[in-house]
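Trainee: Can you read through this structure? Questions will come right after.
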Amino acid sequence: MNRPAAFPVALTGSNDRVKMWAAEAEVEHEALEQLRRVAQLPWVHGVRVMPDVHVGKGATIGSVIAMNQAVSPSAVGVDIGCGVAAVRTSIRADQLAGLELLRASIEAAIPVGFNAHEELPQLRRFGLEPGVDQLFGRFETLDEKVQKLKSKAIGQLGTLGGGNHFLELCLDQDDRVWITLHSGSRNIGKTLADRHIGIAKSLGHNQGLVDKELAVFIEGTPQMDAYKHDLWWAQEYAAASRALMLALFKEAVVRHFETLDVRFDAPINVHHNYVNEEMIDGQALLVTRKGAIRAGAGDLALIPGSMGTGSYVVRGRGNPGSYFSASHGAGRRMSRTAAKKMYSADDLAAQTVGIECRKDAGVVDEIPAAYKDIHQVIEAQKDLVEVVGHLRTILCVKG
């Protein structure tokens, strides 16, 4: 990634509504077209594009869209509330041992892929019971189409899923061990998102759109109220799910290092697919971040790379030009299908040498080479975040 003289740069043909922290020549054509289509929506105040930008459904991944009295569900994405969590431990690199056994223990404690908890872990010992009880106490207020999914949503709380979601053990520059994870709102979040995207597409004011995937809800309408109600719930579900996984992960680590007095710092737990009501350019606007984090002044966050390149812990600089945002990760440089065609399990093994992780054909689409260079992505947004530290992956669990 050859950085221009300065970011941001205006996207050609966007009437200056789109400002990018990426070189236009290095972004996929279809992603650029998606950004231009978003900029044409009459409700859009502006679009800010992160250096990990790539094609998404309707709206690009790696974009921040500020709208006036409107929101597009596709600008949030179907994995509502997807995000990351991280916590530094007291364990040092020279105390590490038995990582293969630890990975098996983590996989036994936290269901991955399509698996779910047969019985939800006892939440009281983690201090999560009141919040989770309140969360599911409101389930009956969600859209009627998801009411049959309550037991499934309960079973999937605190589970990883698949794709680019992960559980990792990492080392920082001081050789301290960190726990990190990336997860979303599982089936319940996707079902709610799909339901409301379908409703938005049917509304009269969306019939003339160039891309119906960008259908919006308008503030003050029953449809917007219903979407926001379900959206806030799904975002809370995703955050609670990460909190439970972090607790189960910590418990597995404590058991594994039973001879140590393992301590944990305060956790980081942030969304990067979500909606928030914020003041932007002196106006109260609805801001959607799809593959982007809030990077307000002093905000701590995690920006992960691929399974072979670790993550960055960052502190937001509070740059209003980016709508107080930064990238959510490295971002894909090729599709999953393309990665599977180009690379083999042997390639994956070669690119993850020294990392305790799956190295089989089932996760080849997550090979590090399928992603952009996380170090260059961080370099491109030095005016958005301050680097606190780089975390090097030593163990990775994927579904």
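Trainee: Along region 83-96, what does the Karplus equation 6.51 cos²θ - 1.76 cosθ + 1.60 (θ = phi - 60°) give for ³J(HN,Hα), rounded to whole Hz, x for Gly and Pro?
Mentor: x, 9, 9, 7, 8, 8, 9, 8, 6, 9, 4, 6, 9, 6
Trainee: Moving to a separate point now. How much accessible area per residue does the chain have, in Å², with a 1.4 Å probe?
Mentor: Using a 1.4 Å probe on heavy atoms only, each residue of the chain averages 40 Å².
Trainee: Assuming R0 = 45 Å, what is the FRET efficiency of Leu120 and Lys341, from their Cβ-Cβ distance, to the nearest 0.05?
Mentor: 0.70
Trainee: Any idea what the dipole of the chain comes to, in debye rounded to 20, about its Cα centre with Lys/Arg Cβ at +1 and Asp/Glu Cβ at -1?
Mentor: That gives a dipole near 400 debye.
Trainee: Please work out how much accessible surface Met279 shows to a 1.4 Å probe, ignoring ligands, DNA and RNA, in Å² rounded to 10.
Mentor: Its accessible surface works out to 120 Å², give or take rounding.
Trainee: Taking every eigenvalue of the Cα gyration tensor of the chain, multiplying by 5 and rooting it, what semi-axes result, largest first, whole Å?
Mentor: The answer is 33, 26, 19 Å, longest axis first.
Trainee: If you roll a 1.4 Å probe over region 87-134 with all protein chains in place, what percent of the accessible area is carbon or sulfur?
Mentor: Carbon with sulfur: 48 percent of the solvent-accessible area.
Trainee: Can you sort Tyr312, Tyr237 by 1.4 Å-probe accessible area, starting with the largest?
Mentor: If we order Tyr312, Tyr237 from most to least accessible, we get Tyr312, Tyr237.
Trainee: Return the calculated 222 nm mean residue ellipticity for the chain, to the nearest 500 deg cm²/dmol, obtained by summing -39500 (n - 2.57) across DSSP H runs with n ≥ 4 and dividing by the residue count.
Mentor: -8500 deg cm²/dmol
Trainee: Going 7 Å from the Cα of Gln69 along its beta-carbon direction, which residues of region 198-224 have the amide nitrogen within less than 11 Å of the resulting point?
Mentor: Within reach of a label on Gln69: 218-221.
Trainee: Toward the positive end of the charge dipole of the chain, about the Cα centre and with charges on Cβ (Lys, Arg +1; Asp, Glu -1), which of Leu395, Trp178, Asn319 goes farthest?
Mentor: Asn319
Trainee: Search the structure for amide H atoms under 5 Å from the amide H of Leu391, placed 1.01 Å from N in the peptide plane, and list their residues when 5 or more places away or on another chain.
Mentor: Sorted by chain and number, the residues that satisfy this are Ser311, Tyr312, Val313.
Trainee: Using unit Cβ charges (K, R positive; D, E negative) and no other charged atoms, how large, in debye to the nearest 20, is the dipole of region 6-63 about its Cα centre?
Mentor: Here the size comes out at about 280 debye.
Trainee: Another question, if that's okay. What's the center-to-center distance, using Cα atoms, between region 128-182 and region 45-109 in Å?
Mentor: Going from one Cα centre to the other spans 13 Å.
Trainee: Now, a different point. Report, by chain and number, residues whose modeled amide H sits under 5 Å from the one on Ala59, excluding near sequence neighbours (fewer than 5 apart, same chain).
Mentor: Result for Ala59 returns nothing.
The values are calculated or read from the model by the stated rules, or taken from the named source; none is laboratory data. Keep in mind that this is a model prediction, so the values were computed, not measured. Every residue, glycine as well, gets a Cβ built from its backbone with ideal geometry; the counts of neighbours run over all protein chains shown. SASA here: full protein model, heavy atoms, side chains in, ligands and nucleic acids out. Shrake-Rupley method; radii C 1.70, N 1.55, O 1.52, S 1.80 Å.
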